[in-house]
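The values are calculated or read from the model by the stated rules, or taken from the named source; none is laboratory data. Given the structure is predicted, the values throughout are model-derived calculations rather than measurements. We place every Cβ from the backbone using ideal geometry, glycine too, and count neighbours over all the protein chains shown. Please note that ligands, DNA and RNA were not included when accessible areas were found on the heavy atoms of the full protein model with its side chains. Shrake-Rupley method; radii C 1.70, N 1.55, O 1.52, S 1.80 Å.
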Amino acid sequence: MPTPLISATLAEAIAKEAAARDLGPFEEGRLFRLLVDAGHGSDDIARWYGCLWVSEVRLKVELLGLADNARNAVDEGVLPLSLAYSVSRLSEPNQQLMLNRWTRGEFASASRAAKYADAIYEDEHPLLSF
């Protein structure tokens, strides 16, 4: 394993300092990506930052894949964060499709919309068969 670009001690200090601030989900995602890109694992980052789940680190980084209009919808409270995680994995045209359908009220709940987004993701990324 290569040597991290930022020492574990410095990375931990950065994460703890950031955790003391009121960061939004996108700022957290950028911080987590910085630390991952610097060579640190999600488990260490979660522990340093005080996340309850390691998956929270990965999800916040995935949020950075949202198109600008979807990010704005999250910031404005139109697109729930719970749905934004599923939407962020989609291609930009399908993100727009999901955002349009969500804002038109075509889903009974965010969890149903997330299941639909997950199905779209599966269509976009079919499993390889051997």
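At-a-glance table
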item	result
The chain - percent of accessible surface contributed by carbon and sulfur, probe 1.4 Å	55 percent
Among G24, A38, S82 - extreme Cα towards positive end, dipole of the chain, charges at beta-carbon	S82
In the range 98-130, trypsin sites (Lys or Arg not before Pro) in a DSSP loop with at most 14 other beta-carbon atoms within 10 Å	R104
Unit charges on C-beta of K, R, D, E only; dipole of the chain, Debye	160 debye
Mean residue ellipticity (222 nm) of the chain, computed from DSSP H runs ≥ 4 via -39,500 (n - 2.57), nearest 500	-19500 deg cm²/dmol
Loop sites in the range 35-130: GluC sites (Glu not before Pro), DSSP, at most 13 other Cβ within 10 Å	E76, E106
Sequence-distant residues sharing a close amide H with G39 (under 5 Å, placed H)	L5
Computed label-point distance, nm, for sites F26 and L52 using a 7 Å Cα→Cβ extension	2.5 nm
About the Cα centre, charge dipole magnitude for the range 68-130 (Lys/Arg +1, Asp/Glu -1 at Cβ), debye	200 debye
Two-site FRET efficiency, L127 against D37, from Cβ-Cβ distance with R₀ of 30 Å, rounded to 0.05	0.60
Loop-located trypsin sites (Lys or Arg not before Pro) in the range 1-43, at most 14 other Cβ atoms within 10 Å (DSSP)	R21
In nm, spacing of pseudo-spin labels at D118 and D75 (7 Å Cα→C-beta vector)	2.9 nm
Where the chain is the region considered: accessible area per residue in Å², 1.4 Å probe	61 Å²
Mean Cβ neighbour count within 10 Å, used as a protection proxy, ranking 3-14, 78-89 highest first	78-89, 3-14
